[in-house]
1. Quick one: is Leu358 in contact with a helix residue (DSSP H, G or I) (Cβ under 6 Å, 6 or more places away or on another chain) and either hydrophobic (A, V, I, L, M, F, W, C) or in the same structural domain as Cys136 (by TED's automatic domain parsing) (or both)?
2. Kindly list, by first and then second residue, each pair from a residue in the range 83-110 that is small (Gly, Ala, Ser) to a residue that is modelled with pLDDT of 95 or more and part of a helix (DSSP H, G or I), limited to pairs with Cβ atoms under 8 Å and residues at least 6 apart or on different chains.
3. Is at least one residue of the range 217-237 at negative phi, modelled with pLDDT under 95 and surrounded by fewer than 19 Cβ atoms within 10 Å (Cβ to Cβ)?
4. Does at least one position in the range 356-372 carry a residue that is in contact with a Phe, Trp or Tyr (Cβ under 9 Å, 6 or more places away or on another chain), surrounded by fewer than 24 Cβ atoms within 10 Å (Cβ to Cβ) and among the small types (Gly, Ala, Ser)?
5. Kindly establish whether Arg240 is more than 14 Å from the ligand (Cβ to nearest atom) and closer than 27 Å to Ala141 by Cα.
6. Only one of Ala242, Ala251, Ala258, Ala268 is without any contact (Cβ under 8 Å) to a residue 24 or more places away in the chain and within 30 Å of Cys53 (Cα to Cα). Can you tell me which?
7. Hey, among Tyr59, Tyr83, Tyr72, which residue is in contact with a Gly (Cβ under 9 Å, 6 or more places away or on another chain) and of a type in the set (Phe, Trp, Tyr)?
8. Could you tell me which residue of the range 268-286 is surrounded by the most Cβ atoms within 10 Å (Cβ to Cβ), considering only residues that are polar (S, T, N, Q) and farther than 25 Å from Cys87 by Cβ?
Amino acid sequence: MAETKATLSIDGKVIADLPIHSGSAGLDVIDIRTLGSHGYFTYDPGFLATASCESAITYIDGDKGILQHRGYAIDDLAKKADYLEVCYILLNGQAPTLEQYDEFKATINNHTMVHEKLVHFFHGFLPDAHPMAMVCAVVGALSSFYHSDLDIDDPKQRMRSAHRLIAKMPTIAAMSYKYSIGQPFVYPRNDLSYAENFLHMMFSVPAEKYIVNPTIAKAMDRIFTLHADHEQNASTSTVRLAGSSGANPYACIAAGVASLWGPAHGGANEACLTMLEEIGTVDRIAEFVAKAKDKNDPFRLMGFGHRVYKNFDPRATVMRETCHDVLKELNIQDPLLDIAMELERIALEDEYFVSKKLYPNVDFYSGIILKAIGIPSSMFTVIFAMSRTVGWISHWDEMLSQPGQKIGRPRQKYTGEIDREFVPLKVK
Ligand code: CMC
């Protein structure tokens, strides 16, 4: 069958015939790689219509509310698999057998501790340092422990880096919390599940026995699963771009952590809680909703809206269920949670939000769950980063395994001065 082409013509003159490629699902893409040789670049700030790579990891159809990892629907994974199974799927391409799962779990457990020298890094931070700043720096510092003998062209070594990162992120995340509240670091326990171990490192103290609440552990595991990967979002694209130069994987993940931090991305869950605190009481919601609708006011309802999901976020649907379960089970009375529930009700009915398809997103509900569990809002984005690490490293591994991979290097539309005469200072 003849290859389908897109003809680019300008003022009626044909400039180029560009090949069109189809993936296994989703929109076809026009291959514009040769366009530069015809005298044009494309202009797409914010990557609104640009596919930056070929990937077989995650598929999203934002209009239909579909999210699949390696072909498995997210709600199935959230309800029927645990986070480590999802990690295995993302990294290896298919669901594990029981034997493979046990082996994977043992491998991850084998790497949960961090080098004692890494622990010292924390002591250089001020006690009120934001945990994301600590995690970003300490993950980047891991590159100094695993660099000179790391061959990123060897698939086995790439996989070992992935295992180390998945295993060590909870340890580093919990250490950032313990440091910020002045409690001793708690070492990992490999007899616990991934989620239980994280809660243990966060909440146990040497003086007392800590028993993990199974409802909380289940909710935590679901939060990890629902954040595990999300295709070519800002932080994943950052990791790919950093990795495209052949940089150390731990440094690439630190770049991903930095990119995730902003309130338009992973920082939305913390920003959402800050917003709820600012609203303060249910009777002030209308005032804030009015501000969010006012075109002249930059205020936005944090935790609402999404770049790709314009009908519903399938992660939010599952997270909403978990959120209501957790609030019921823990029977927590918190005015902030009342504000959140009322805000959800209003936004789902209000014409402005409905017509612009601005629904509560996954971070709205995960923020509420984490708050109910007793995790401070400054840790919310850290938990997102820890969950997303598997996605980042899966994309990094996929990119390096593809033949002919090129360094990422976008073009620009230049709007600055040109051809100016430079007059040396002494002449002026
Ligand atoms: N509150 C009020 N109005 C909003 C909001 C909001 N949260 N989000 C978008 N709008 C309006 C916006 O003003 C614009 O209106 P108009 O068409 O009249 O100019 C319209 O909706 C489209 O907005 P946009 O900024 O063009 O949409 P986008 O796709 O570029 O942005 C977004 C998506 C997530 C950055 C944005 O909805 C937002 O800032 N939301 C709040 C932050 C947030 O919750 N982010 C977490 C995203 S989920 C986690 C993740 O995957 O990283």
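1. So Leu358 fails the test.
2. That search, which allows pairs on different chains as well, returns Ala95/Glu85; Ala95/Tyr88; Ala95/Ile89.
3. Checking the range 217-237: at least one residue is at negative phi, modelled with pLDDT under 95 and surrounded by fewer than 19 Cβ atoms within 10 Å (Cβ to Cβ).
4. no
5. Yes.
6. Being without any contact (Cβ under 8 Å) to a residue 24 or more places away in the chain and within 30 Å of Cys53 (Cα to Cα) holds for just one of Ala242, Ala251, Ala258, Ala268, which is Ala242.
7. Criteria check complete, one pass: Tyr59.
8. Thr274
The values are calculated or read from the model by the stated rules, or taken from the named source; none is laboratory data. Keep in mind that this is a model prediction, so the values were computed, not measured. Glycine also receives a Cβ, built like all others from the backbone with ideal geometry; neighbour counts cover every protein chain displayed.
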